[in-house]
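In what follows, a structure is listed as structure tokens, so that the remarks can point back to it.
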Amino acid sequence: MAFSKGFRIYHKLDPPPFSLIVETRHKEECLMFESGAVAVLSSAEKEAIKGTYSKVLDAYGLLGVLRLNLGDTMLHYLVLVTGCMSVGKIQESEVFRVTSTEFISLRIDSSDEDRISEVRKVLNSGNFYFAWSASGISLDLSLNAHRSMQEQTTDNRFFWNQSLHLHLKHYGVNCDDWLLRLMCGGVEIRTIYAAHKQAKACLISRLSCERAGTRFNVRGTNDDGHVANFVETEQVVYLDDSVSSFIQIRGSVPLFWEQPGLQVGSHRVRMSRGFEANAPAFDRHFRTLKNLYGKQIIVNLLGSKEGEHMLSKAFQSHLKASEHAADIQMVNFDYHQMVKGGKAEKLHSVLKPQVQKFLDYGFFYFNGSEVQRCQSGTVRTNCLDCLDRTNSVQAFLGLEMLAKQLEALGLAEKPQLVTRFQEVFRSMWSVNGDSISKIYAGTGALEGKAKAGKLKDGARSVTRTIQNNFFDSSKQEAIDVLLLGNTLNSDLADKARALLTTGSLRASSKVLKSMCENFYKYSKPKKIRVCVGTWNVNGGKQFRSIAFKNQTLTDWLLDAPKLAGIQEFQDKRSKPTDIFAIGFEEMVELNAGNIVSASTTNQKLWAVELQKTISRDNKYVLLASEQLVGVCLFVFIRPQHAPFIRDVAVDTVKTGMGGATGNKGAVAIRMLFHTTSLCFVCSHFAAGQSQVKER
């Protein structure tokens, strides 16, 4: 039976309430959406009311219900697949790429068109796939071959429309009967004839939805240890009932870093948190990987350019300092240096020997009746954005493993068949690189091979820069709406996110509301000590002469209560300060040159000096610091608090010359400490009675 538009949608406008029913070819029952609720009607119930309904449209399948909040009202939209394209067949199932979707409001008036059209653009981008089978039980594309054979797997990392399923789940509808599961990434399927049998060669890349987003909005890790552009790529060969699958993973460097700036080709890298403050997320990331995939080996392809070099060094030193140093090996392979002009010899001579041990972790093989081999570990490859370089190294490793996979399936006897497989996989890897690149960066992968390639790459690099700076933020918002519904921009969501886990945001707003109101029942108060100080150092001039050469900073930061003879805060030894927030004004001289691009040398020197000073009795580490010309703010914490600090955000506002220059302005750093939000603001405004408006 071929796949066709098997769903029909009807609506009833009059008499109110507005109501929708969805019927499908292969079921007697139908779904009914009315007044915000969902019910499954039997065929008798359906026949009784169907006369008052009129047809709206036909669709291939349902993705679920998108919930948006507009002020206090919740809007619900039914999301349907109205266009799709077959990519190929795997065993009993056929895989389709979504090409167009339709959103139907579950109320008569639909007002939030802009947001919907952005979400529709994301879904229609050609990066989403689902599988369908005539038997009703289809392959779950979001799971790799090994996981799909295990009973009871709850691996939702690659299940993109999970939040769209929730509305129906709340009303007890069995989603597997009615809704499709979407995966985002790339699926390539080719048929290869081996004598009288048909083998299927597939390359499936699954993009994780745990930290999804576009290139310059999402970088590095978040506090849960989920990294940007995390992709699991599976190289699979199916032959009759047997399967052989080999998995590789890629993901951004698991530290807090970002890339500000609008220069084509040059990408400054900024570490957004102090060294020790990165450790908890770094450890969480690798602990999760070990649980999911077994042993890990890191292939780090970062080069020697300034920003990349710094990030690469930070990655290496974090690994050395972490609990994983003993059992995770890191291979540093400067791809641009080693593979000049697309020549791949060094991959064989330099990289292969270093990962050889790993290639013995093997692959997964199921012979039709039982699992014969399992893959006991994965290679985690990264470059700066885990696109072009990562893809070519993964392709190389995949092709190295292919021969062993074919051997297990008994397809390695004829050399010309092996060559055929290699050619097919080589071209699929190239297409795979493009599809992941389009999702994350907005253009195909950069090749950097011959002359014509160079020009095309130049054009792609420029498109990327334009994409990043102009279209990415609306796309980013749309991705967030799709993944979490839009309960995100409300006060309720902020409270809930602070009190509960990120995953809990998927609960209904009623549940979240009562959880937030009753927070005192499951949380306990704790006192912390925060020391806040600010100093105008007059153009940083004293820095070299007197600032802390003759005077120590300790009497200001540590011993002030004692020197002033205040009764409180004398118990420094037993109750040390938990957080230091120290602000400076006029850290650099406010001349024209500095206003355009202020030097950060002073900031670095002060950071070191401050840390030394306040760590006299107890150790402190830098959480974050930010400078706007002369205004600078440092936040230091005790190291044991680092695992409980999340969502650190930094911002600056210029107020000089009506908001044009940063010689006056403010810097803010906010964070969540356990479940309380703290924000420190350090400002320096225009002086004088007449400057009220400026201030």
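The values are calculated or read from the model by the stated rules, or taken from the named source; none is laboratory data. Since the structure is predicted, the reported quantities are computational estimates derived from the model, not experimental observations. Note: ideal-geometry Cβ built from the backbone for every residue, glycine included; neighbour counts use all protein chains shown. Keep in mind that these areas ignore ligands, DNA and RNA; they rest on the heavy atoms of the full protein, side chains included. Shrake-Rupley method; radii C 1.70, N 1.55, O 1.52, S 1.80 Å.
Taken together, the criteria exclude R147 from residues that are of a type outside the set (V, I, T) and within 17 Å of the chain's Cα centre (by Cα). Once the stretch 672-695 is narrowed to residues that are under 38 Å from the mean Cα position of the chain (by Cα) and β-branched (V, I, T), the residue that is nearest to M587 (Cα to Cα) is V681.
When residues in the stretch 283-298 are screened for being surrounded by fewer than 19 Cβ atoms within 10 Å (Cβ to Cβ) and in a helix (DSSP H, G or I), 7 of them pass. With the requirement that a residue be modelled with pLDDT under 90, open to solvent by 60 Å² or more (accessible area, probe 1.4 Å) and either assigned to a strand (DSSP E or B) or not assigned by the TED database to the domain that holds F96 (or both), what does the stretch 38-73 give you? Matches in the stretch 38-73: L70, T73.
Report the residue count in the stretch 354-400 for those that are assigned to a strand (DSSP E or B) and surrounded by fewer than 18 Cβ atoms within 10 Å (Cβ to Cβ).
3
With respect to the stated conditions, S35 is surrounded by fewer than 18 Cβ atoms within 10 Å (Cβ to Cβ), free of Cβ contacts under 8 Å to residues at least 40 places away in the same chain and either among the acidic types (D, E) or over 30 Å from D140 (Cα atoms) (or both). Within the stretch 95-102, not a single residue is in a loop (DSSP other than H, G, I, E, B) and either in contact with a helix residue (DSSP H, G or I) (Cβ under 8 Å, 6 or more places away or on another chain) or on the phi < 0 side of the Ramachandran plot (or both). Pairs linking a residue in the stretch 338-360 that is free of Cβ contacts under 8 Å to residues at least 24 places away in the same chain and more than 17 Å from G377 (Cα to Cα) to a residue that is open to solvent by 80 Å² or more (accessible area, probe 1.4 Å) and not aliphatic (A, V, I, L, M), with Cβ atoms under 7 Å and 6 or more positions apart or on different chains, are M338/K346.
Inside the stretch 103-126, residues that are buried (at least 21 other Cβ atoms within 10 Å of the Cβ) and in a loop (DSSP other than H, G, I, E, B) make up a count of 1. Restricting attention to the stretch 405-419, the residues that are in a helix (DSSP H, G or I), buried (at least 18 other Cβ atoms within 10 Å of the Cβ) and over 32 Å from the mean Cα position of the chain (by Cα) total 3. Within the span defined as the stretch 191-203, every residue fails to be of a type outside the set (S, T, N, Q) and touching a Cys at 6+ places or on another chain (Cβ under 8 Å). Looking only at residues that are among the polar types (S, T, N, Q) and outside any loop (DSSP other than H, G, I, E, B) in the stretch 228-252, which one is nearest to E407 (Cα to Cα)? Only one residue fits best here, namely S244. Regarding K27, is this residue in contact (Cβ under 8 Å) with a residue 40 or more places away in the chain, outside any strand (DSSP E or B) and either in contact with a Leu (Cβ under 7 Å, 6 or more places away or on another chain) or surrounded by 14 or more Cβ atoms within 10 Å (Cβ to Cβ) (or both)? In short, yes.
Results for (1) modelled with pLDDT of 90 or more; (2) open to solvent by less than 30 Å² (accessible area, probe 1.4 Å), shown as yes or no for each residue.
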| residue | (1), (2) |
| --- | --- |
| G136 | no, no |
| T154 | no, no |
| H170 | no, no |
| R181 | yes, no |
| I192 | yes, yes |
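Of the listed requirements (1) open to solvent by 30 Å² or more (accessible area, probe 1.4 Å); (2) assigned to a strand (DSSP E or B); (3) touching a Phe, Trp or Tyr at 6+ places or on another chain (Cβ under 6 Å), F3 misses just one: (2). With respect to the conditions (1) within 21 Å of G251 (Cβ to Cβ); (2) surrounded by 15 or more Cβ atoms within 10 Å (Cβ to Cβ); (3) more than 25 Å from the chain's Cα centre (by Cα), D327 falls short on a single one, namely (2). The single condition among (1) surrounded by fewer than 17 Cβ atoms within 10 Å (Cβ to Cβ); (2) without any contact (Cβ under 8 Å) to a residue 60 or more places away in the chain; (3) touching a strand residue (DSSP E or B) at 6+ places or on another chain (Cβ under 9 Å) that Y77 does not meet is (1).
Looking at the stretch 671-684, can you tell me whether even one residue there is of a type in the set (S, T, Y), modelled with pLDDT of 85 or more and more than 22 Å from T534 (Cα to Cα)?
yes
Restricted to the stretch 299-316, and to residues there that are aliphatic (A, V, I, L, M) and farther than 14 Å from D385 by Cβ, the residue that is surrounded by the fewest Cβ atoms within 10 Å (Cβ to Cβ) is M310.
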